[in-house]
Amino acid sequence: MQLERRVYKDVPDVDARLAGLGLEQELLLQAAQRGLAAFAACTSHHPRNYPALASWAETFRGLSDLLVVHPYRWTKLDDNGQPQVHSPSGLIAVTVAGGDSNTGRIGDAEPKTSASKGDTTSRAMLMNAFLFPEMEADARAKLEQINRRQTWFLLVHRDLVAGEMRCELSMPISMSEDRRIDGWAERILLRPTSFDAALLQGIPDEPSPLTDEVKIELKRRA
């Protein structure tokens with residue numbers, strides 16, 4: 001059965017859907033802006049993949065700082081190397097990833113994650129697809145007994161040409177052959193954040209290979 005994709009872009013719809021998840025647009029944007037500040041603090045003398053890594057790490061730290069407190073009381077957890085924050089009910093998980101230029105936009109193409117993802121994301125997408133409302137009732141009921149959690153990604157893209165950061169909170173359901181997320185059951189588009197692109201000139205804006213389930217290959221020294 002073909003699933004209906006949902007996109008929320010108008011402020012009242014965005015705020016209402018986020019409220020249903022126990023979140024607020026301003027809170028998500030504050031976390032992303034902390035990541036942008038970390039990116040802007042880098043220079044061309046940093047290792048090439050560090051600015052993107054710093055941005056990702058500080059965005060997730062921002063989520064944790066803002067949500068793991070009263071009145072939100074979310075919980076920071078690590079799922080097989082993927083950092084997540086879980087809602088008090090345990091039914092919503094949020095993590096952070098870089099997105100491509102389609103992030104935060106309505107167009108012919110959906111956004112893709114900048115970096116490939118691992119098994120943790122694959123399992124989460126399987127559950128997201130089965131828990132989507134249009135699934136057959138008996139299949140959903142059976143899987144809800146196993147795991148009812150939905151996993152969402154806060155996607156962040158820095159557009160150095162337009163001088164804006166675009167973000168969205170989206171729930172993944174498909175992955176490309178190169179293991180980048182390329183399909184979303186729901187997309188909640190957040191308000192763009194403007195910045196002075198001239199301040200970021202010369203900073204490499206490439207994804208880090210360590211922004212999802214961390215894998216370290218060990219080799220015997222020759």
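The values are calculated or read from the model by the stated rules, or taken from the named source; none is laboratory data. Since we're looking at a predicted model, the values are computed, not measured. Glycine gets a Cβ as well: all are built from the backbone with ideal geometry, and neighbour counts include every protein chain shown.
Annotations for the structure displayed:
- One residue stands out among those in the stretch 53-78 that are among the basic types (Lys, Arg) and farther than 13 Å from ALA93 by Cβ: the one that is nearest to the chain's Cα centre (by Cα), which is ARG61.
- For SER87, the stated conditions hold: it is hydroxyl-bearing (Ser, Thr, Tyr) and within 18 Å of LEU169 (Cα to Cα).
- Residue among ASP100, ASP78 that alone is touching a Lys or Arg at 6+ places or on another chain (Cβ under 8 Å) and surrounded by fewer than 20 Cβ atoms within 10 Å (Cβ to Cβ): ASP100
- Residue in the stretch 195-209 that is farther than 22 Å from ALA19 by Cα, among the small types (Gly, Ala, Ser), part of a loop (DSSP other than H, G, I, E, B) and at pLDDT 75 or above present: no
- Qualifying residue in the stretch 22-37 (condition: at pLDDT 95 or above, of a type outside the set (Ser, Thr, Tyr) and in contact with a Pro (Cβ under 7 Å, 6 or more places away or on another chain)): no
- Any hit, the stretch 5-21, residues being among the hydrophobic types (A, V, I, L, M, F, W, C), assigned to a loop (DSSP other than H, G, I, E, B) and crowded, with 19+ Cβ neighbours inside 10 Å: no
- Residues that are crowded, with 22+ Cβ neighbours inside 10 Å and of a type in the set (A, V, I, L, M, F, W, C) were ranked within the stretch 37-52; the one that is nearest to GLY202 (Cα to Cα) is PHE39.
- Search result, residues across the stretch 53-110 that are assigned to a strand (DSSP E or B) and among the charged types (D, E, K, R): LYS76, ASP78, ASP79
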